[in-house]
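What follows is a short report on a single structure.
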Amino acid sequence: MKHIRVTSLIVSLLALGYAIPAHANLSYTCDPNINTTVAGLCTQIQSILPPLYNNTFKSIANGNFAIYIQFGATGLGQSTTGFQNPVTYSTYATALGTSATASGNPIQTAAVSALGTYDSPAYSTGKVNLTSALGTALGLTGMFGTTSGGTACTTPGVGTCFNGIITVTNNTSLLYFRTGPAITSTQYDFYGVVEHETDEVLGTSSCISTTGAGNTLVNSCAGTNTPSAVDLFRYQSAGTLVLDSALSTTPGAYFSYNGGTTNGASGKYYNTVANGADYADFASPTPCQFQLNIQDAYGCPGQNANVDITNDGGPEINILNAVGYQLAATPASLSISATHSTPIFKGGPAVLTLTVTNTGGPTVGTATITDTIDSGFTNGSGPKSCTYASPTLTCTIPPGSSFTSMTFNIYGTETLSAGNWTNSPTLSDTSGSDTLTGATASDPITVSAAATLKNSSLLQVAAISGSTDVGSCASGWRTLTATVQLGNQTLTTLSNPYATMVGGAAGITLTNGNTLMAQIDPASIASTQVLPFYFKIKLANCNPFSLMFDVYGN
């Protein structure tokens with residue numbers, strides 16, 4: 001059974017029924033015979049099909065697109081847009097260029113470049129036929145839609161003015177509705193049929209008819225050799241555009257957004273002969289289940305259950321993207337991991353590191369890290385995007401954040417006696433749109449016994465110096481990083497040196513209400529080597545400070 005696109009106007013009067021008020025994005029209005037034929041089908045259509053397109057295409061989610069659907073006497077399925085919408089080639093090329101610039105999408109950007117190189121010489125003085133839906137997606141006005149009865153209307157996508165009409169065979173024994181028993185060997189997935197015709201209403205259909213007299217290819221659009229938008233991206237080989245003025249039945253034509261270099265239809269080839277199948281449908285493989293795609297010219301009975309534009313390899317998405325539909329932003333795909341500095345001694349500094357990786361797009365909602373840290377970890381401080389109220393650390397990543405990896409270091413002092421604990425941060429998302437591929441992490445931590453006092457081995461070789469970090473005296477506080485240069489006067493390397501207050505108690509106490517936010521000690525100091533110790537200090541009201549400490553290590 002085949003999908004057939006009808007380019008002539010439907011003239012039979014159809015009663016309007018089950019309309020969705022105030023279209024916002026893509027919606028389907030069901031003829032009364034939808035529910036009378038299959039009870040509850042209209043509701044199921046609305047729950048399955050619009051999200052596929054609204055979540056895939058930003059242009060559709062942000063616009064008004066409406067399709068009338070009915071059962072009728074036809075092949076497996078057919079669609080009509082009712083009326084042609086020719087625009088000048090320059091109008092289309094300019095609109096596509098504007099969309100590509102706004103989206104930054106590489107497929108649209110390449111498509112615009114290909115138009116300039118290969119299509120402009122052939123088509124620049126003519127017109128391009130658009131569907132009303134594609135014109136709307138590109139921001140063009142003056143588009144004509146159709147009523148359910150086939151009358152022209154000027155507000156396609158709004159009210160009872162539709163972008164197109166889809167008719168599915170009324171022989172429902174041939175259709176699988178994704179409910180009840182499994183698909184049989186003689187059935188076709190109903191939703192796949194509707195998606196095929198939806199794509200054509202949106203703009204995957206060609207101006208070339210394969211049902212001409214004497215089984216010839218003929219141009220059915222107004223004007224001379226007028227292409228549809230998708231015809232502009234039909235190639236025989238790299239750099240060889242298939243022109244509407246030189247129609248060819250030679251096999252091997254394919255969709256390409258970059259001048260023929262890439263087959264953008266997952267390797268599929270177009271139908272090229274006058275066989276009644278659509279010119280812009282894909283030639284079906286043998287056997288048909290070898291590679292199933294929504295835009296295949298012929299259905300694949302018993303094999304295409306649950307195949308959609310979002311899981312068939314994406315050729316339909318590539319085509320619609322190239323001709324003018326902007327893609328929705330890819331949601332973030334987030335995971336969290338946890339590590340720590342080593343070794344960690346009782347009374348010594350410790351750094352907990354939380355890393356969020358993202359293999360998707362910008363965050364849609366606020367991603368939140370929550371970490372309940374062991375009570376032995378004291379005086380902790382994290383980045384400015386984190387708050388630490390012992391024992392709970394909370395860090396946030398705001399919506400719209402683009403990154404591949406984001407690290408949060410939490411500095412503190414470990415006061416726990418020798419032993420073990422596990423740091424187990426969690427990651428959550430407020431939007432429900434971002435994907436959490438790893439929402440928890442586990443980092444086992446070993447705390448060793450206190451190291452030996454090594455103060456006599458080190459000599460302060462330079463005065464404490466400070467550099468302004470953030471804040472100002474006028475705001476009541478500022479932070480600075482105090483640097484202390486210490487030299488090892490022994491003949492051996494001092495490993496894992498760390499500074500703590502005089503007397504060996506945990507942490508460093510500052511005078512005048514100042515607070516130690518973090519410290520960074522070197523991993524080791526070789527014999528006679530001089531290295532800096534860093535102390536990040538929050539100054540209360542810009543008070544002066546004194547910093548006194550002993551150094552431990554092993």
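Just so it is clear, none of the values below were taken in a lab; they were calculated from the coordinates. Here the structure is a predicted model, which is why all the values come from computation and not from measurement. For neighbour counting, all protein chains shown are included, and Cβ atoms are generated from backbone atoms with ideal geometry for every residue, glycine included.
Brief remarks on what is shown
- Area projected by the alpha carbon convex hull of the stretch 3-316, averaged over all directions, nm²: 14.8 nm²
- The rule of thumb for compact globular proteins, 2.2 N^0.38 Å, goes into the C-alpha radius of gyration of the stretch 333-450 1.08 times.
- Each peptide in 36-47, 349-360 receives the mean, over its residues, of other Cβ atoms within 10 Å, and ordering these scores from highest gives 349-360, 36-47.
- Listed peptides 160-168, 277-285 appear in the order 160-168, 277-285 once ranked by packing, highest mean of other Cβ atoms within 10 Å at the front.
- Ordering Asp443, Asp199, Asp429 from the fewest to the most neighbouring beta carbons within 10 Å gives Asp443, Asp429, Asp199.
- Pairs of alpha carbons in the stretch 193-318 whose separation is greater than 17 Å (percent): 55 percent
- Between the C-alpha center of the stretch 287-356 and that of the stretch 233-248 there is a gap of 33 Å.
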